[in-house]
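The values are calculated or read from the model by the stated rules, or taken from the named source; none is laboratory data. Just so it is clear, the model here is predicted, and its values are computed rather than measured. We place every Cβ from the backbone using ideal geometry, glycine too, and count neighbours over all the protein chains shown.
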Amino acid sequence: MREVEVRVGGLDAVDADVAALVLPGDPDLPEPAARADGWLNGALSRRIREEGFKGEAGETCLFPTAGDRPHVLAVGPGDGESDDRLSPAERLRRAAGVAVRTAREERAASLAFLPDPDLAREAGDHGARASAEGLVLGDWALESFLGEEARSERPSPPSRAALVWPGEPEAADRLTSAAARGRAVAEAQNAARELVAGPPNVVTPRHLARTAGEVAEEHDLSVEAWGPDRLREEGFGALLAVARGSRQEPRFIVLEHDGGRPDDRPYVVAGKGVTFDSGGISLKPPKGMEDMKFDMGGAAAVIGALQAVADLDLPRRVVGLIPAAENLPSGTALKPSDVVRGVSGTSIEVVNTDAEGRLLLSDTLSWARRELDPVAAVDLATLTGGCVVALGHEATGLMANDDALAERVREAGERTGEFTWRLPLWPPYREALDSDIADIKNSAGSEASAITAGWFLREFVGDDLPWVHLDIAGTAWTEETRPYHREGPTGVGVRLVVEWLRSEE
């Protein structure tokens, strides 16, 4: 979306093809819905009384108008009680996503989004930020690989949108600032979605490094991308082992936002970057393997988060780390029963080559601990199918060695609508990773697999580095259309990480 502006007022402030009114299913209409009902000769209130519109979450009803007046789109926010996770801001974020998708389907060139006054007051400035996020996120669709004819047949998104907020004119600057922050984060999240959706013959480790370089140049970040020679020098034996089966060279990408004082210790955000995961010698079944291009969702989230951190100019030193490789079978590929050593020097028995993401992250976290001395580290990874079995597609699995950090990350997820659920890293789970011939093995089998994968990573951060692991295997993409997500990648983690970093003292 090329333009999102904020206006304070009611229908008089609307200059758009469609005015989307967020309405609970109450026939006693507040302004500006009451005025719109007058335009419609009472059709809106009649529809509500007759229960043709109940105000349920995601519900829509379009009322065409005559003359120069905008068409009226009623959008339901839900009652906030049937799903009490949802804050007022998240309800507005979802309603905005539904509104912009509906406007696109109606081929509207412009959209005005008007929240219910009570909901807007309850959400405050965060509601304006969340609404802007919903408008930008709901507008995204992957079209870069379509031909001109196919692209021309699809409805174009609205070229501009306005948030028309109830309140006094003096609030306009504050609300505009909040919406601008939301737009910056959502655009970064859409960039992450674009990366994840790209085909694996395009989105290779080299491509991730080039993209990181372009983001760094455009958003004033510093960047390095290491190839095999530097990786050998630094001792990245686990990352190099995963990459052995592919002709695509691995990369280790370091993105940095230096927003703090020169001597500040950094916050580290790491993301798994397996650009295609066949499983290696432990080959995955053919069905669904095409989705394994999504296995770099953590890497994309790190690039998106660093872009947003730079755009918001957060007063933090933040380092994004991305280990990138393909995991393919060949005569040179990593084999089950191989033993490898990485940055930490720990010997790892590889009992399953499809448990490769944790090998990449073991080197990454060990290097960060050794070289950067971070304040805290958060990693994001499409790590285990076990997390999908445990939590489905509604929540990201969270594991941590520090309760206070875990709670701050969880709260950031609550505020941004990127929900997490903490899983236990109890000592008995670690015993399942004991190896007869090495310090640790990389897989403990199917039982509690998300937790034992988290325990494997914990071995490489120790007790002195506060650390959170986010298993986004179930939340990095969706197989159904959701309020502000089309079927496909979600870019999950961008909003959560930025909010966590923003709120750190």
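Residues in region 1-33 that are of a type in the set (A, V, I, L, M, F, W, C), part of a loop (DSSP other than H, G, I, E, B) and under 19 Å from Arg94 (Cβ atoms): how many? Number of matching residues: 2. When region 219-247 is limited to residues that are touching a helix residue (DSSP H, G or I) at 6+ places or on another chain (Cβ under 8 Å) and among the acidic types (Asp, Glu), the one that is farthest from Leu135 (Cα to Cα) turns out to be Glu234. Here the strands (runs of 3 or more DSSP E) wholly within region 316-400 that include at least 1 residues being crowded, with 17+ Cβ neighbours inside 10 Å and in contact with a Pro (Cβ under 9 Å, 6 or more places away or on another chain) are 317-327, 347-350, 376-381, 396-400. Being touching a Pro at 6+ places or on another chain (Cβ under 9 Å), closer than 30 Å to Arg502 by Cα and not charged (D, E, K, R) is a condition met by at least one residue of region 239-256.
Filtering Gly413, Gly474 for residues that are under 28 Å from Ala132 (Cα atoms) and touching a Cys at 6+ places or on another chain (Cβ under 9 Å) leaves a single hit, Gly474. Within region 110-121, identify whether any single residue is over 25 Å from Arg35 (Cβ atoms) and either in contact (Cβ under 8 Å) with a residue 40 or more places away in the chain or assigned by TED's automatic domain parsing to the domain that holds Glu394 (or both), and answer yes or no. No - not one qualifying residue is present in region 110-121.
Within region 404-413, is even one residue of a type in the set (A, V, I, L, M), under 30 Å from Ser87 (Cα atoms) and in contact with an Asp or Glu (Cβ under 9 Å, 6 or more places away or on another chain)? The answer is yes; a qualifying residue exists. Evaluating Ala171 against the criteria (1) out of contact with any Lys or Arg (no Cβ under 8 Å at 6 or more places or on another chain); (2) surrounded by fewer than 24 Cβ atoms within 10 Å (Cβ to Cβ); (3) modelled with pLDDT of 95 or more; (4) among the aliphatic types (A, V, I, L, M) leaves one unmet condition, (3).
Here is the figure for region 140-178: residues that are part of a loop (DSSP other than H, G, I, E, B) and touching a residue at least 40 places away in the same chain (Cβ under 8 Å) total 13.
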